[in-house]
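The values are calculated or read from the model by the stated rules, or taken from the named source; none is laboratory data. Keep in mind the model is a prediction, meaning the values are calculated, not measured. With ideal geometry, Cβ positions are generated from the backbone for all residues, glycine too; neighbour counts draw on all protein chains shown. Only protein heavy atoms, including side chains, enter the accessible area calculation; ligands, DNA and RNA are left aside. Shrake-Rupley method; radii C 1.70, N 1.55, O 1.52, S 1.80 Å.
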Amino acid sequence: MPSLIQSPRFLLSHCLSPLPPNARAAFCGRLSHRSAAAALSSDAQTIASNQSSSYAPLPSPPSSEILSMRESLLSRRRTAAEIADEYLDRLRRTEPQIRSFLHVSETVMREAEEVDRLVESGAELGPLAGVLIGVKDNICTVDMPSTGGSRILEGYRPAFDATAVRRLKEAGAIVIGKTNLDEFGMGSTTEGSGFQVTANPWDVSRVPGGSSGGSAAAVSARQCAVSLGSDTGGSVRQPASFCGVVGLKPTYGRISRFGLMSYASSLDVIGCFGSSVTDAAIILNAVAGHDRFDATSSMHEVPDYASCLISIDQFDSKPLKGLRIGMITETMGNGVDMGVVSSIKAAALHLEELGAVLTEVSLPSFSLGLPAYYILASSEASSNLSRYDGVRYGNQVAADELISLYGDSRANGFGPEVKMRILMGTYALSAGYYEAYYKRAQQVRTLVRKSFKDALEKNNILISPAAPSPAFRIGEKVNDPLAMYAGDIMTVNVNLAGVPALVVPCGFVEGGIAGLPVGLQMIGTSFSEVCK
């Protein structure tokens, strides 16, 4: 029986084509809309037509959930309270199976009713008025717990909102709750959470990806309209691929990190999930920009991303004419699932049919990115997580001596993956090994940046899979950390280079009830989320 969470017909209609609505506009401001049906193979349609369900399938989401909600409110066809009640009802029905939320806000309906009062009074509405947003639990919220997915912060309530959250609220958004994650963002499956394991809405026996798996699953199951995640080495893009949604990792510094619990400060960025590129653009518009509380946030002007998205109706049959696209050769070889390769090649062929010029691009330093990333990220984590000592932050274990208090509080509060990465990072930074590991990893990072810069001088964007495989089964790799780490090979180089990347669904591979989604990753130059 198809899952209550996503009926096959809904899933297939929800899927975006190899050229999803406005995908290229996220980088170049002139990519077209395209029907989702074009992406569906006859096999997938046959699967859908042969399935029966005792649950009524959900309607296909519009090209923009956010714009649809706004139009409904302004036309008074629906109230914010009705919309919020619908999402909360779906969340209550699906959450026992998906487990994407660690905390659900108790004030959602009250905030929605306040939006309705603004509508009735004729007051001007914010661009996100009434939009329900999930927030990854390593992003601070003043009115609900923020645990980072770790037992050491269980029950912790910050005294402030992260800048990204504050800006969303100022735009009228309603935070529906805090989503599950791998502890402090260290993981690729959300199995590393200190509280629960999140399931993939396409097949609840499979992982949703990580570390932002809760945020991706919540959007995929339509428990919220959009969500925030964080991306240190692919933690937005890989879950977006696994869960069949749009995931945006912006340029480093584009969004303030103030209020984001630090994992690896030189790599961390806040990103977002949506059911369309339009929704991702609207969220980016709301949260991007310089912040005096984050010295690494950029002073670059924030354009109106959403206004640059152009409908296919305004183009001829070759809307991508002249666009140069480089397919990264190293991402299509050994170790990549053949179904994933086929989906990416089909998407690339479709882009060529729309006028783009496709070439293969080799990045010689690509394979070096993964070990360099884990050395750098673990090293920064060993420093950043020293603050969780049971005194300044975190739950405290009673002890007679200070050293014992530190040690016991951290031993009881941290999970095994976090402990392992702290040890790895401390080792790499130690006096006898700094030159051999940390310094060499920084040198590799420079090579990675140069290789991307050179490739993007010859191409407008680069494309690759977002992950080497579709979603795998829960528990399949939990005892094989090296295999788990290898799954990040497609994404970590982007963080090392600091450039933006967008993941959009581009096809299916066999698995689950109606197939498993595959994501296409598109990479641009810094601050090229939109081009003028």
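Structure above, values below:
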read-out: Subset tally (residues that are of a type in the set (Asp, Glu) and within 30 Å of residue 473 (Cα to Cα)) for region 159-199; value: 3
read-out: Flag if residue 197 is open to solvent by 10 Å² or more (accessible area, probe 1.4 Å) and closer than 24 Å to residue 89 by Cα; value: yes
read-out: Tally of residues being basic (Lys, Arg) and under 20 Å from residue 92 (Cβ atoms) across region 200-239; value: 1
read-out: Selection within region 256-275 - under 13 Å from the mean Cα position of the chain (by Cα) and either among the hydroxyl-bearing types (Ser, Thr, Tyr) or more than 22 Å from residue 376 (Cα to Cα) (or both); value: 272, 273, 274, 275
read-out: Residue in region 505-518 that is in contact with a Lys or Arg (Cβ under 7 Å, 6 or more places away or on another chain), at pLDDT 95 or above and either closer than 26 Å to residue 372 by Cα or open to solvent by less than 10 Å² (accessible area, probe 1.4 Å) (or both) present; value: no
read-out: Candidates 107, 141, filtered to the one that is free of Cβ contacts under 8 Å to residues at least 40 places away in the same chain, open to solvent by less than 60 Å² (accessible area, probe 1.4 Å) and more than 30 Å from residue 187 (Cα to Cα); value: 107
read-out: Residue match in region 100-113 (condition: within 20 Å of the chain's Cα centre (by Cα), at pLDDT 95 or above and either under 23 Å from residue 419 (Cβ atoms) or in a helix (DSSP H, G or I) (or both)); value: yes
read-out: Failed item, numbered, when residue 348 is tested on (1) under 18 Å from residue 525 (Cα atoms); (2) modelled with pLDDT of 95 or more; (3) not polar (S, T, N, Q); value: (1)
read-out: Qualifying residue in region 209-216 (condition: under 20 Å from residue 284 (Cβ atoms), without any contact (Cβ under 8 Å) to a residue 60 or more places away in the chain and not polar (S, T, N, Q)); value: yes
read-out: Scope region 372-392; condition over 23 Å from the mean Cα position of the chain (by Cα) and surrounded by 15 or more Cβ atoms within 10 Å (Cβ to Cβ); matching residues; value: 379, 382, 383, 388, 389, 390
read-out: Criterion (open to solvent by 30 Å² or more (accessible area, probe 1.4 Å), touching a residue at least 12 places away in the same chain (Cβ under 8 Å) and either in contact with a Cys (Cβ under 7 Å, 6 or more places away or on another chain) or acidic (Asp, Glu) (or both)) met by exactly one of 401, 417; value: 417
read-out: Residue within region 429-452 that is open to solvent by less than 10 Å² (accessible area, probe 1.4 Å) and touching a strand residue (DSSP E or B) at 6+ places or on another chain (Cβ under 8 Å) present; value: yes
read-out: Filter result for residue 121 (among the small types (Gly, Ala, Ser) and in contact (Cβ under 8 Å) with a residue 12 or more places away in the chain); value: no
read-out: The listed residue being small (Gly, Ala, Ser), under 19 Å from residue 498 (Cα atoms) and either surrounded by fewer than 24 Cβ atoms within 10 Å (Cβ to Cβ) or touching a Pro at 6+ places or on another chain (Cβ under 8 Å) (or both), out of 247, 234, 214, 259; value: 247
read-out: Residue match in region 415-431 (condition: touching a helix residue (DSSP H, G or I) at 6+ places or on another chain (Cβ under 7 Å) and more than 19 Å from residue 185 (Cα to Cα)); value: yes
read-out: Qualifying positions in region 295-313 - touching a residue at least 60 places away in the same chain (Cβ under 8 Å) and farther than 17 Å from residue 249 by Cβ; value: 303, 308, 309, 310, 311, 312, 313
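One line per residue, one yes/no per condition, for (1) free of Cβ contacts under 8 Å to residues at least 60 places away in the same chain; (2) among the aromatic types (Phe, Trp, Tyr); (3) open to solvent by 10 Å² or more (accessible area, probe 1.4 Å):
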position: 132; (1), (2), (3): no, no, no
position: 135; (1), (2), (3): no, no, no
position: 150; (1), (2), (3): no, no, no
position: 155; (1), (2), (3): no, no, yes
position: 162; (1), (2), (3): no, no, no
position: 167; (1), (2), (3): no, no, yes
position: 174; (1), (2), (3): no, no, no
position: 181; (1), (2), (3): yes, no, no
position: 185; (1), (2), (3): no, no, no
